[in-house]
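Just below is one structure, and these are the notes that go with it.
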Amino acid sequence: MAAASAQEEVENKQVILKGYIDGIPQETDMELKVSKIHLTLPPSESGSAILVKNLYLSCDPYMRGRMRDFHGSYIPPFVPSQALEGFGVSKVILSDNPSFKAGDFISGFTGWEEYSIIHKTEQLRKIELDDQIPLSYHLGLLGMPGFTAYAGFYEVCTPSKGEYVFVSAASGAVGQLVGQLAKLHGCYVVGSAGSKEKVDLLKNRLGFDEAFNYKEEANLDAALKRYFPQGIDIYFDNVGGDMLDAALLNMRIHGRVAVCGMVSQNSLSNPQGIYNLSNLIIRRIKMQGFLQHDYLHLYPQFLELVSSYYKQGKIVYIEDMNEGLESAPAALAGLFLGKNVGKQVIRVAHE
């Protein structure tokens with residue numbers, strides 16, 4: 001944006017949280033608000049603020065936890081009546097930070113709004129543009145979900161060639177990459193999902209050896225025994241609950257469970273218990289929760305590897321793109337009903 005226009009006041013659409021919630025997020029828990037913003041930078045204590053135009057926003061399951069007044073998590077709750085925030089891809093308009101200049105594209109935490117002033121610039125990453133990789137993929141394949149898959153699979157699961165791998169929520173932003181990395185590593189891979197469309201996607205586009213619709217299985221333990229007659233070496237858990245309980249009954253000796261997410265429990269006031277934990281002892285299973293930011297020192301090698309795989313056509317990535325900020329509340333709520341197919345992204349503006 002030209003310097004002459006940087007002082008103008010413009011409308012700034014925002015998605016705000018009306019108040020803290022209990023249960024599954026609803027579209028009506030959020031609303032679209034139109035405010036005003038001056039396209040200039042206010043004085044900053046850190047002296048490193050930037051003004052950005054948001055292009056893409058990411059819908060992620062962890063955002064449900066920020067919709068309640070709970071401060072004991074790794075990330076604070078949203079503030080009611082203020083814009084939500086999350087991972088985004090943005091274009092820099094103005095900058096007080098020498099690391100970023102006008103015209104740069106960046107990824108990191110930003111507001112669910114058209115324009116944002118970002119003060120915590122240390123968490124931002126400058127994007128090196130590549131004509132072979134869509135810009136929005138820096139929210140999925142090359143963003144937090146992709147890196148979560150990479151760190152969780154290689155660092156937590158410590159895979160070996162020929163092992164048996166099970167991935168739940170396998171068509172989602174994280175699961176789809178875990179399965180493909182496992183196949184490239186020489187593993188046998190089965191995924192679970194919640195519709196025929198997603199099962200077909202796993203088998204026909206993402207290269208899983210097998211996949212099943214968990215909603216059609218009356219007995220998850222029996223289903224896993226059918227797909228893993230020799231047992232499971234690695235379970236990459238994105239859902240928790242009944243699926244985790246069933247997987248524990250089917251783990252092999254010295255199996256590993258990477259606890260990445262518990263989307264089946266996120267909206268429950270009283271999450272269900274796990275009954276088969278004795279198998280951790282009997283089968284000497286390692287079960288570990290993790291957060292991707294514990295492994296950020298590995299991000300450069302992740303970026304190099306996964307970018308190379310994608311350019312060589314060895315992996316594919318599925319996005320579910322919603323158009324316009326006004327579509328954001330429905331897109332986020334739909335995430336918890338399994339409406340998305342692939343990584344849920346909102347396009348706020350064109351590049």
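Nothing in this text is a laboratory measurement; each read-out follows from the coordinates by a stated rule. Computed from a predicted structure; not experimentally measured. Reconstructed Cβ throughout: ideal geometry from the backbone, glycine too, with neighbour counts over all protein chains shown.
What the phi angles of the range 193-199 give under the Karplus curve with 6.51, -1.76 and 1.60, with θ = phi - 60°, is a coupling list of 8, x, 7, 4, 4, 6, 4 Hz, glycine and proline written as x. With a sphere of radius 10 Å drawn around the Cβ of H38, what net charge do the other residues whose Cβ falls strictly inside it have (Lys, Arg +1; Asp, Glu -1)? Around H38, the surrounding residues sum to -1. A straight Cα-to-Cα reach below 12 Å connects K13 with the aspartates and glutamates E31, E113, E114, E326, residues fewer than 8 places away in its own chain not being considered.
What shape does the range 249-296 have by the C-alpha gyration tensor, where a ≥ b ≥ c are the square roots of the eigenvalues, rounded means a/c under 1.5, and otherwise prolate means a/b greater than b/c and oblate the rest?
oblate
Based only on other Cβ atoms within 10 Å, what is the fewest-to-most ordering of L17, L296?
On the way: L17 23, L296 11.
Ordered by Cβ neighbours within 10 Å, fewest first: L296, L17.
Building the convex hull from the alpha-carbon atoms of the range 225-346 and averaging its projection over directions returns 10.6 nm².
What are the semi-axes of the equivalent ellipsoid of the range 144-293, taken as the square roots of 5 times the eigenvalues of the Cα gyration tensor, listed largest first and rounded to whole Å?
Details: eigenvalues 74, 63, 55 Å².
Largest first, the range 144-293 gives 19, 18, 17 Å.
Projected onto planes of every orientation and averaged, the convex hull of the alpha-carbon atoms in the range 43-150 covers 7.7 nm². Once the convex hull of all Cα atoms in the chain is built, its volume per residue stands at 137 Å³. Bridging of K101 to lysines at a Cα separation below 21 Å is possible for K53, K91, K120, K126, once same-chain residues fewer than 8 apart are set aside. In this label model, A330 and I24 are separated by 1.7 nm, measuring between points 7 Å along each Cα→Cβ vector. Treating the range 216-257 as a set of equal point scatterers at the Cα positions, no solvent, please give the Debye-formula log₁₀ I(q)/I(0) at q = 0.18, 0.29, 0.30, 0.34 Å⁻¹. For the range 216-257, the Cα-only Debye profile gives -0.44, -1.09, -1.14, -1.31. Total lysine pairs in the range 144-293 at Cα distances under 24 Å, for residues eight or more apart or on different chains: 17.
Can you give the log10 of the normalised intensity I(q)/I(0) at q = 0.24 Å⁻¹, computed with Debye over equal Cα scatterers of the range 56-111? Log-scaled intensity ratios, in q order: -0.94. In a Debye calculation with equal point scatterers on the alpha-carbon sites of the range 79-141 and no solvent, what is log10 I(q)/I(0) at q = 0.30 Å⁻¹? The calculated log intensity ratios at q = 0.30 Å⁻¹ are -1.46. DSSP assigns beta bridges within the range 144-293; of those with both partners inside it, close to 0 percent run antiparallel. Run through the DSSP bridge list for the chain and note the antiparallel percent, rounded to the nearest 5. Here the share of antiparallel DSSP bridges comes out near 60 percent.
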